[in-house]
Amino acid sequence: MAGRPLTPAAPLGLPPKALAQLMPMYLWLSAEGVIRGAGPTLGKLLPGNPLGQNLSALFTLRPPRALGDGADLATLTGVRLQLQLKSPPATSFRGIAVALAEGQGILLNLSFGIGVAEAVRIHDLTDADFAPTDLTVEMLYLSEAKSAVLQELRAMNRRLQQAKVAAEEQALTDTLTGLANRRAMDQALDRLIGRSAPFGLAHLDLDHFKQVNDSHGHGAGDRVLQVVARVLTEETRTGDIVARVGGDEFVLIFPGLAQIEAMGPIAERIIARLSEPIDYRGEPCRLSASIGMTVSSLYAKPEADRMLSDADRALYASKSGGRSRATAWSLQDPPPTDRRGRGPQPPTEGSAPAVVAKKP
Amino acid sequence: MHGLINRSIQSFLRDTYGQPLWLRVAQDARLGFENFEAMLAYDDALTEAVLNAATAALDRPREALLEDLGTYLVSHPNLEPLRRLLRFGGVSFVDFLHSLDDLPERGRLAVPDLHLPQFALVSYAPNQFVLRCRAEPPGFGHVMVGVLRAMADDYGALAMLDYAGRLAGVESISIELLEARFAAGRPFSLISGTHP
């Protein structure tokens, strides 16, 4: 053991050294509470020589109660005790006291409670300060091993989080609807323009979507968007691209479509189907759609931004023309602002977003 | 094989021979990734592929490489937490040897799905021992020779260690303790970051 017991004698007929090996943190008290012997580990923790001092001079009981004369001490035997050092660092202990044979006093065995790691650190204890039967060292091992494992897991979580962010940045799918997202749409437009392939472009915005959200809640809004996505997929061909580019905004790309007139019937079908009430928990949600359209063949040199902006202006014309309709873009004298520009502004005469389809 | 073991092999190759060597090994072993995750489980075949790729790339015998791995696990500063956990095994080198019987349980206390080799220590004389381990992958005994050599140093003990062969999947290491307190050894306190 690390030190010698602080007593010339020991109870139970044991040599002091033997008792110290069994219980390095014992206290042997007289019936009056005077310390007659102390284990070597406890000796390290107590200020000065504890022999001859009263237990109550060094420790307080938790919860606090009187501790002193023989009568009190007798009540402490046989039950789980919580004690605390009066002097700093106010280390806590748990203990059990037993009454020895008549006139022999009381034997109190202590151990550190849950604050053992702190106690070991403050008092600079080593393996040798604990009885071989004591699992304190194993507890410290476990706490350290778990900390190391936790640190690894934390590092892994951080890496996974970064990978998730990176994957989301590269993702091409809108998670709510499963449609293409804006990035996928940009890539599709770049591909088509790069190949000089003709295509049609439709910008669709739901009518009355905000009212659905406001009156039925966001759950209804999400459900509606999923139904709309299904309708748009059903009403387009396999090679067409349907992208959700905003809350309730969609862009449809029709590769191979060169005549704007061909888009009218498609838009009409879509508007008709989106005007059918959508069931949400037994309640009908009513909305419709406004569409703006353009085709690449209208431009000498098609550009994605320009075409999107033109489709957007045609969409604005549909909105201001009473909603639930489709408007085709025409190149003659385009209006100077889009619908997000200088506030609502009807298309000027002759700028020719022309209504080609209306809700039947 | 548990990610902790694979990750240790990766760290050993990287810290000893450099990141380019590790990347080459990862590629030769056809891992399909550059880093093992310590807290995931991997197919045993991957560990074997990494060891084979490393022995080929370094042109070193497998036994020598495994022994160096064992030494690295205890003595490299990057793995100080592991050295500390091993030192919890006992206050002296002999104490530590006796604690090896408990090593798989100690490992599982920390990481429930970690399967470490089973050890059995036999003592033929007060200072003579044979450590047997039933281990995968084959040659794990060589890792233990490296671990024990480094742990003897850590405790300041002087010991002779020899790989004594493999029989029916059990590998043996003979240990002769010449002096228990040959040198000061490295300090160890029960709480990390404090020195008694």
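Only the coordinates and a few stated rules stand behind these numbers; no lab work does. Predicted, not measured: the structure shown is a model, and the values here were computed from it. Every residue, glycine among them, receives a Cβ derived from its backbone with ideal geometry; neighbour counts consider all protein chains shown.
Summary table below
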item	result
Angstrom value of the Kirkwood radius, inverse mean 1/r, which spans all Cα pairs in segment B:72-179	14.0 Å
Cubic angstrom per residue, convex hull over Cα atoms of segment B:82-136	78 Å³
Within segment B:31-96: Cβ-based charge dipole about Cα centre, in debye rounded to nearest 20 (Lys, Arg +1; Asp, Glu -1)	320 debye
Debye intensity ratio I(q)/I(0), log10, segment A:16-134, q values 0.18, 0.23 Å⁻¹ (C-alpha model)	-0.92, -1.56
Chain B, helix-only ellipticity at 222 nm - DSSP H runs n ≥ 4, -39,500 (n - 2.57), divided by all residues, nearest 500	-14500 deg cm²/dmol
Sparse-neighbour loop sites [GluC sites (Glu not before Pro); segment A:80-148; at most 16 other C-beta within 10 Å; DSSP]	A:Glu102
Options B:Val74, B:Leu121, B:Leu100, ranked by Cα towards positive dipole end of chain B, top entry (Cβ charges)	B:Val74
Computed over chain A: relative contact order in percent, which uses C-alpha pairs under 8 Å that are six or more apart	11 percent
Chain B - Kirkwood radius from inverse mean 1/r over Cα pairs (Å)	17.4 Å
Computed label-point distance, nm, for sites A:Gln53 and A:Ala163 using a 7 Å Cα→Cβ extension	5.8 nm
Order by protection proxy (mean Cβ within 10 Å, highest first), peptides A:209-221, A:247-259	A:247-259, A:209-221
Segment A:Arg306-A:Leu12, extension gain: residue separation times 0.36 nm, minus the distance between their alpha carbons	96.0 nm
Crossing angle, helix A:263-274 versus chain A [Cα axis fit, 0-90 degrees, rounded to tens]	50 degrees
Residue mean of other protein chain beta carbons inside 10 Å, A:139-151	5
In degrees, nearest ten, helix A:136-170 long axis to first principal axis of chain A (Cα)	10 degrees
Relative exposure of B:Leu167, A:Leu76, judged by other C-beta atoms within 10 Å (fewest first)	B:Leu167, A:Leu76
Alpha-carbon centroids, segment A:46-122 and segment A:188-224: separation in whole Å	75 Å
Those aspartates and glutamates that a straight Cα-Cα span of less than 19 Å connects to A:Lys301, excepting residues fewer than 8 apart in one chain	A:Asp186, A:Asp190, A:Asp310, A:Asp312, A:Asp333
Cβ charges +1 (Lys, Arg) and -1 (Asp, Glu), total dipole of the protein assembly as shown, debye	1040 debye
Cα pair distances in chain A, grouped into 10 Å bins until the bin that holds the longest one, percent each	5, 18, 17, 8, 4, 4, 7, 11, 12, 9, 3, 0
Between helix B:140-155 and chain B: long-axis angle, C-alpha atoms, 0 to 90°, nearest 10	50 degrees
Residue order, fewest to most surrounding Cβ atoms within 10 angstrom, among A:Thr75, A:Thr294	A:Thr75, A:Thr294
Trypsin sites (Lys or Arg not before Pro) within segment B:1-106: DSSP coil, no more than 15 neighbouring Cβ in 10 Å	B:Arg30
Pairwise FRET efficiency - A:Thr175 versus A:Leu135, Cβ, R0 = 56 Å, nearest 0.05	0.65
Segment A:177-314 - Kirkwood radius from inverse mean 1/r over Cα pairs (Å)	15.3 Å
Fewest-first sequence of A:Lys319, A:Lys17, A:Lys164 by Cβ atoms within 10 Å of each Cβ	A:Lys164, A:Lys17, A:Lys319
